[in-house]
Amino acid sequence: MSKTALLAVFRGFAKEAAGTGVTVNSVIAGPTHTGEVEDFVYELVDSALPWDEAQREFMRLHRPQSLIQRLIEPEEIANMVVHLSSTLASATSGGAVRVDGGYVDSILP
């Protein structure tokens with residue numbers, strides 16, 4: 001429910017900014033590689049495995065719906081934010097943009 005509320009708030013901000021040249025979008029991140037997530041992965045798979053192998057095993061066993069079959073790097077989310085902040089995305093406003101590696105199996109956010 002909280003995610004839906006946040007999307008509604010951002011959509012409201014986008015409506016308030018209508019006609020000003022300011023765009024407002026939500027970025028919905030999927031499973032992201034952080035230190036804490038790395039610890040979590042090693043709790044679920046063999047901690048003796050090198051990171052790349054551990055990540056592949058984790059995704060195969062616990063996140064098989066991911067289309068990219070790996071965790072998202074924080075820089076990849078930042079890249080989307082930079083794109084949405086640029087003039088290249090000037091016609092994108094009020095949207096919920098996923099950076100989830102194809103993790104969510106639906107058309108709408």
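For residues in the stretch 7-19 being open to solvent by 50 Å² or more (accessible area, probe 1.4 Å) and in contact with a Ser or Thr (Cβ under 7 Å, 6 or more places away or on another chain), which is farthest from residue 71 (Cα to Cα)? Break it down stepwise before answering.
Going through the stretch 7-19, the residues open to solvent by 50 Å² or more (accessible area, probe 1.4 Å) turn out to be 7-11, 13, 15-16, 18-19.
Filter again for in contact with a Ser or Thr (Cβ under 7 Å, 6 or more places away or on another chain), leaving 7, 10.
Details: 7: 23, 10: 26 Å.
Applying the filter and picking the extreme gives 10.
Okay, residues lined up against (1) open to solvent by less than 60 Å² (accessible area, probe 1.4 Å); (2) under 14 Å from the mean Cα position of the chain (by Cα); (3) modelled with pLDDT under 95:
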position	(1), (2), (3)
53	no, no, no
61	no, no, no
86	yes, no, no
95	yes, yes, yes
101	yes, yes, yes
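For the stretch 50-58, does any single residue satisfy the condition of being basic (Lys, Arg) and in contact (Cβ under 8 Å) with a residue 40 or more places away in the chain? Show your work before the answer.
Taking the stretch 50-58 first, the residues basic (Lys, Arg) are 56.
Next, from what is left, pick out any that are in contact (Cβ under 8 Å) with a residue 40 or more places away in the chain: none.
Looking through the stretch 50-58, none of the residues is basic (Lys, Arg) and in contact (Cβ under 8 Å) with a residue 40 or more places away in the chain.
Hey, could you check the stretch 69-79 for residues that are surrounded by 14 or more Cβ atoms within 10 Å (Cβ to Cβ) and of a type outside the set (Asp, Glu) and say which is nearest to residue 21 (Cα to Cα)? Quick ask: steps written out before the conclusion?
Filtering the stretch 69-79 for residues surrounded by 14 or more Cβ atoms within 10 Å (Cβ to Cβ) gives 69-72, 76-77.
Retained after the next criterion (residues that are of a type outside the set (Asp, Glu)): 69-72, 77.
On the way: 69: 37, 70: 36, 71: 34, 72: 31, 77: 23 Å.
Among them, the one singled out is 77.
Just to check your reading of the model, which residue among 41, 82, 22, 27 is open to solvent by 60 Å² or more (accessible area, probe 1.4 Å), of a type outside the set (Ser, Thr, Tyr) and not in a loop (DSSP other than H, G, I, E, B)?
Values: 41 fails: open to solvent by 60 Å² or more (accessible area, probe 1.4 Å); 22 fails: not in a loop (DSSP other than H, G, I, E, B); 27 fails: open to solvent by 60 Å² or more (accessible area, probe 1.4 Å).
Among 41, 82, 22, 27, only 82 is open to solvent by 60 Å² or more (accessible area, probe 1.4 Å), of a type outside the set (Ser, Thr, Tyr) and not in a loop (DSSP other than H, G, I, E, B).
The values are calculated or read from the model by the stated rules, or taken from the named source; none is laboratory data. Since we're looking at a predicted model, the values are computed, not measured. Note that we place each Cβ from the backbone using ideal geometry, even for glycine, and neighbour counts take in every protein chain shown. The accessibility values were calculated without ligands, DNA or RNA, using every heavy atom of the protein model including side chains. Shrake-Rupley method; radii C 1.70, N 1.55, O 1.52, S 1.80 Å.
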